[in-house]
Amino acid sequence: MNIQATLFKSLFIFSFSFFTCSLYAQKKKKERKKEFYFSWGYNKEWYTKSKVKIDQPSLGNKYTFVDVIGKDHPGWNEDGGIFKKELTIPQYNYRLGLFLNKKKDLAVEINFDHTKFIFADQRVRIKGTLNNAPVDSLIDFNKANGYYYYLNNGANFLLFNIVKRWHLYKNNAGTFKVDALGKVGIGPVIPHVENSFFGNTNTPHFQIGGWNTGVEAALRTTFFDYVYLEFSNKADYARYADLKIFEGTAKHAFGTYEMILSLGVNFPVGSKVKN
């Protein structure tokens, strides 16, 4: 009798445990193992001092503008602000990325910054050869004197990034999350080139104009899994070459520091796995 009772009790405990574990496994939430995201934002930037090198063989010119101070052109602080302009007129950014693993902490990303570089309205040193003669002097570089150098429809940094994400905080309901992201990448620059030197203007145009590399640190706050707000700080180094000017080309390199605020959305993709 005691043996039968013991066997029955053991069988009951085993059956109950098996049922409970099976039920728990069925109730475990399944998630998509990848995550696609897209964001749109706006930026403010500051540039290092730089040199613009001019080469016009047919004119006997090979000179450099030294210690150039570049400025950005945000666009949203004029004529009533950003909401009275088209989305693509101010300095903007977009990000298109895909988290590749179950932890959603490693991604690849297309990273584009529509930045603007304005070289104008300053006294600048010119040094080199002008009209086949040595030159080393100061000039007032402004439009009234026939000088301007604009990457104003975009200095346009395009990067292909690797992204690492660190999960910092998540509330119990899962409706609010805070993550830190680090990004690094390299890619081409696609400037819109518009300039005038000594009154000789070029034909404004877009071109593949060199390369850039950048690193970015971001703080992302996600609401209800699908919508997020991201604040980023970014450092970029760009080298431009063979920029088309009147009867020649220009070379230019500079560093950029950006602050970026973006609004984005997440889309779970891929097959479902248990979390």
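Things to note:
- Output for region 128-170, where each listed residue is outside any strand (DSSP E or B) and either closer than 26 Å to residue 191 by Cα or of a type in the set (D, E, K, R) (or both): 142, 143, 144, 145, 146, 147, 152, 153, 154, 155, 156
- Taking region 191-217 as the range and being hydrophobic (A, V, I, L, M, F, W, C) and buried (at least 18 other Cβ atoms within 10 Å of the Cβ) as the test, the residues that pass are 193, 197.
- Taking the criterion of being open to solvent by 80 Å² or more (accessible area, probe 1.4 Å) and touching a Lys or Arg at 6+ places or on another chain (Cβ under 9 Å), the residues of region 160-172 that qualify are 162, 167, 168, 169, 170.
- Taken together, the residues in region 250-275 that are assigned to a strand (DSSP E or B), open to solvent by 40 Å² or more (accessible area, probe 1.4 Å) and among the polar types (S, T, N, Q) amount to 1.
- From 133, 144, 155, residue being under 19 Å from residue 55 (Cβ atoms) and small (Gly, Ala, Ser): 133
- Looking only at residues of region 173-187 that are of a type outside the set (A, V, I, L, M) and crowded, with 16+ Cβ neighbours inside 10 Å, we find that the one that is farthest from the chain's Cα centre (by Cα) is 177.
- Across region 218-245, the number of residues qualifying as open to solvent by less than 20 Å² (accessible area, probe 1.4 Å) and within 19 Å of residue 51 (Cβ to Cβ) comes to 5.
- On the stretch given as region 146-166, residues that are modelled with pLDDT of 95 or more, at negative phi and not hydrophobic (A, V, I, L, M, F, W, C) total 7.
- Any chance residue 109 is out of contact with any Cys (no Cβ under 9 Å at 6 or more places or on another chain), under 28 Å from residue 244 (Cα atoms), in a strand (DSSP E or B) and at pLDDT 95 or above: no
The values are calculated or read from the model by the stated rules, or taken from the named source; none is laboratory data. None of these values were measured; they are calculated from a predicted model. In this analysis, Cβ positions are derived from the backbone assuming ideal geometry, glycine residues included, and neighbour counts consider all displayed protein chains. Just the protein is used for accessible areas: all its heavy atoms, side chains included, with ligands, DNA and RNA removed. Shrake-Rupley method; radii C 1.70, N 1.55, O 1.52, S 1.80 Å.
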